[in-house]
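Step one of this worksheet: look at the structure below.
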Amino acid sequence: MRGYLARKTLVYGLTFVVAVTLNWLIPRLMPGDPVQRMVARAAVQHPETIASMTQYYERMFGLDLPIWQQYLNYWGSLFRGDLGTSVWLFPAPVSQVVLDAVPYTLGIMIPAILLSWVVGNSVGAMAARSRWLDNVALPVGYLVTAMPYMWLAILLAWGFGVALGWFPVAGGYDFGLVPQWSWSFAWDLLQHWVLPFLSLFLVALGGWAIGMRNLIIYELESDYANYLAALGAPKRLIRQYAFRNAMLPQITGLALQLGTILGGALVTEIVFAYPGLGKLVLSAIQNQDFFLLQGTLLFVVIGVLLANFIIDIVYVLVDPRTRTGLTGATA
Amino acid sequence: MTATQPVAGPGTEASDQPGVAGPTTSGRKPGGDVRETLYFALRNPKVLIGAVVVLGFLLLGLIGPAFLRYAPMDYAGPPMAPPSADFPFGTTTFGQDVFAQFVAGLRSTFLVGLLGGGVAAVIGMTIGFVAGYRGGLIDELLNMLTNVVLVIPGFVVLIIINAYLGVRSVPMQALYIGVFSWPWVARAVRSQTLSLRSRDFIDLARLSGVGVGTILRREVAPNMYSYLFMTFVLLFGGSILTAASLDFIGLGPTNAMSLGLMMNQAVQWSALHLGLWWWFIPPGLGITLIVGSLYIMNVGLDEVFNPKLREM
């Protein structure tokens with residue numbers, strides 16, 4: 001078990017270094033002089049503004065220093081929690097802007113991921129080897145997984161928001177309200193939360209159901225299932241064992257899918273103008289605010305790594321083989 | 001999508017793209033396999049339906065532009081017109097022909113799928129084969145690389161790359177998508193190669209003194225052709241979805257039309273609030289049908305290649 005966790009930690013540590021390095025490197029690969037390009041992109045005319053912006057960016061990038069020093073400085077400021085200053089929301093520090101948006105993203109992502117996983121697994125387990133349900137669930141599941149996240153979001157916003165008028169379609173709360181601890185605000189928050197959550201939930205649902213169905217069928221063909229059946233064990237019992245075994249790949253699948261779901265959450269938020277990280281990414285791109293973009297994305301990477309680590313710990317708790325150092329999960 | 005591992009049936013051939021009309025590789029000696037696979041593929045409704053839908057869209061994208069009167073960005077007709085005989089998918093707020101955009105978008109979609117899926121397949125398979133066959137230190141290193149790329153949220157890196165480097169052509173976009181979507185392929189191919197490595201016929205090939213590349217190409221890969229083909233189909237669909245998301249964020253190609261870009265513009269110009277459903281439904285529906293058909297086709301292919309799964 002210790003070896004397993006140590007190996008995982010090594011992978012995540014390495015991944016973090018690679019991600020941060022990419023984040024540092026890519027802007028420096030920009031063709032031409034990045035500072036000049038940034039200033040040009042901001043499209044300001046005043047010579048004084050240009051001069052001060054040039055200076056600002058040069059200091060920010062630390063371009064006058066040797067390249068290894070730039071890299072070390074980047075790490076240094078990262079550990080101090082200093083992600084730079086947002087150009088778009090000047091003079092708010094990027095870390096603050098990101099922290100304000102994180103709760104919204106987590107608020108739709110965590111329930112959507114967990115619920116879709118639980119519901120999808122039970123639907124898939126039920127559908128396996130039941131002809132009628134399988135014939136319905138399988139094609140529907142495949143079509144739902146094939147949907148681009150933002151398209152389902154657009155459909156829901158149009159259907160339930162614009163056409164039926166049941167739910168609001170934009171923002172995290174009513175623009176007339178001020179965030180506060182009150183029932184009316186909480187209710188408003190909830191109403192704005194429903195559609196983004198639902199679209200994320202639905203797209204993820206299909207994949208889990210299909211995965212579980214295939215795994216259960218595979219498990220039911222295995223020797224232990226046949227042996228149990230030969231002993232005359234009730235079908236229910238056999239399926240229960242199959243389900244428990246099929247859970248393990250699904251937990252690994254959850255870790256693998258995090259990045260994809262996260263991308264889905266980002267575009268879903270954009271459709272609903274939901275004030276989470278996705279909206280920040282969009283605003284950062286539209287306003288050419290690269291510090292905000294990098295800060296947000298770095299946050300996302302850290303979040304995915306943390307979530308992966310949590311899933312690994314859950315895996316250790318669920319699969320006894322990893323504890324005793326037998327095969328279990330391959331790192 | 002969680003890629004479940006279909007068991008590769010030994011003896012199946014790669015050239016049997018089911019549903020593809022036209023000559024398959026003729027003159028091959030053990031033609032029985034191809035013919036048998038084709039026989040089952042053409043009788044599998046999942047494969048047939050999937051292939052017909054995908055090929056239908058491909059055909060529309062390929063020959064459609066020849067019959068269009070307007071370019072995708074032309075201000076062709078009255079603004080916000082619902083579907084009619086003149087404009088089968090209606091027009092945008094600016095009077096652009098939605099159908100013309102859709103057809104042009106299909107081309108980018110297939111291009112991204114083909115290139116992105118192809119790049120990912122080549123990288124993933126190469127790393128998987130080498131890691132699985134060589135083992136030892138090389139395996140450890142490649143495995144580490146695979147795990148690192150697997151955990152990095154590729155979509156995020158793609159956003160940074162596109163935003164900074166201004167990658168704004170469809171092929172470049174596809175290339176970068178491919179570079180970040182290979183890890184699960186490498187894993188799956190590695191584990192299958194691992195199980196093939198100790199077989200007798202591989203030992204025989206090694207004894208005969210041929211190189212590693214030849215063994216991988218001639219002895220290992222043919223046993224996995226069916227699996228590799230199905231992997232490519234999944235990568236194809238995945239690349240399309242990733243590209244659509246990037247385009248939707250506004251990091252799509254600037255010199256071409258794409259289905260994701262259509263949705264981006266529809267939302268940006270408040271097609272939802274104006275009720276212009278003909279603007280945002282076709283692009284998403286097109287992607288869903290193409291990718292969904294690919295997935296369903298894959299289930300069918302699994303049944304074709306793996307006799308155990310065939311319905312009796």
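Just so you know, all these numbers are worked out from the coordinates, no wet-lab data involved. It should be emphasised that the depicted structure is a prediction, and the values quoted were computed from it without experimental measurement. Every residue, glycine among them, receives a Cβ derived from its backbone with ideal geometry; neighbour counts consider all protein chains shown.
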### Centre separation in Å (Cα based) which lies between segment B:284-306 and segment A:178-216
27
#### Entry: Coarse-grained scattering of segment B:27-123 at q = 0.12, 0.13, 0.15 Å⁻¹, given as base-10 log I(q)/I(0) from a Debye sum over alpha-carbon atoms
-0.60, -0.66, -0.78
### Task
Only Cα pairs under 8 Å and at least 6 apart count here; give the relative contact order of segment A:152-210 as a rounded whole percent.
39
### Task
At 18 Å minimum axial length over the Cα atoms and a Kyte-Doolittle cut of 1.6, report the qualifying DSSP H helices in chain B, or say none.
B:45-63
### Query
Given a Förster radius of 60 Å and the C-beta distance between residue A:190 and residue B:201 as r, what FRET efficiency does 1/(1 + (r/R0)^6) yield to the nearest 0.05?
0.45
### Neighbour net charge for residue A:136 - beta-carbon separation under 15 angstrom, K R +1, D E -1
+3
### Message
At R0 = 51 Å, how high is the FRET efficiency between residue B:306 and residue B:66 if r is their beta carbon distance? Nearest 0.05 is fine.
### Response
0.80
### Message
How charged is the neighbourhood of residue A:179? Take every other residue with its Cβ under 14 Å from the Cβ of residue A:179, and add Lys/Arg as +1 and Asp/Glu as -1.
### Response
-3
### Task
Compare the peptides B:256-267, B:283-294 by average per-residue count of other Cβ atoms within 10 angstrom and give them in order, highest first.
B:256-267, B:283-294
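Find how much the distance from residue A:118 to residue A:233 grows on full extension, using 0.36 nm per residue of separation minus their present alpha carbon separation; answer in nm with one decimal.
So the extension gain works out to 38.8 nm.
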### Message
On the principal axes of its Cα set, how long, how wide and how thick is segment B:197-312? Give whole Å, largest value first.
### Response
71, 41, 17
### Task
Let me know the charge dipole size of segment A:200-245 about its Cα centre in debye, to the nearest 20, where only the beta-carbon of Lys, Arg (+1) and Asp, Glu (-1) is charged.
200
#### Entry: Selection from A:145, B:210, B:282, by position along the positive dipole direction of the protein assembly as shown (Cβ)
B:210
#### Entry: Span-like helix ranges in chain A, DSSP H, alpha carbon extent 30 angstrom or more, Kyte mean at least 0.5
A:2-28, A:94-127, A:183-220, A:235-272, A:290-318
### Query
Across every pair of different alpha-carbon atoms, what Kirkwood hydrodynamic radius in Å does chain A reach?
22.9
### Task
Let me know the volume per residue of the alpha-carbon convex hull for segment B:250-312, in Å³.
117
#### Entry: Residue-averaged beta-carbon neighbours from other chains (10 angstrom radius) around B:254-263
1
### Query
For A:178, B:103, A:169, A:20, what's the fewest-to-most ordering of other Cβ within 10 Å of each Cβ?
A:178, A:20, A:169, B:103
### Query
How many nm separate the modelled label positions at residue A:224 and residue A:74, each set 7 Å beyond the Cα in the direction of the Cβ?
4.7
### Task
Could you check which residue among A:132, A:193, A:158 shows the biggest mean-square fluctuation in a GNM of chain A with a 10 Å Cα cutoff?
A:132
### Value of relative contact order over chain A, rounded to a whole percent, pairs C-alpha under 8 Å and six or more apart
27
### Query
Regarding the protein assembly as shown, what are the three Cα extents along the principal axes, ordered largest first, in Å?
78, 64, 56
### Task
Would you kindly calculate the mean projected area, averaged across all directions, of the convex hull enclosing the Cα atoms of segment B:48-309, in square nanometres?
16.6
### Task
Take every Cα-Cα distance within segment A:205-267, group them into 5 Å bins from 0 onward, and report for each bin the whole-number percent of pairs it holds.
4, 16, 23, 18, 13, 10, 7, 4, 3, 1, 0
### Cα centroid separation - segment A:142-175 against segment A:291-317, whole Å
27
### Task
Take peptides A:133-140, B:237-244 and line them up by average Cβ neighbours within 10 Å, highest first, as a rough protection proxy.
B:237-244, A:133-140
### Message
Under 5 Å between amide hydrogens, which residues at least 5 positions from residue A:85 or on another chain qualify, with H placed 1.01 Å from N in the peptide plane?
### Response
A:94
### Summary
With +1 at each Lys and Arg Cβ and -1 at each Asp and Glu Cβ, the charge dipole magnitude of the protein assembly as shown around its Cα centre, to the nearest 20 debye, comes out at 1500
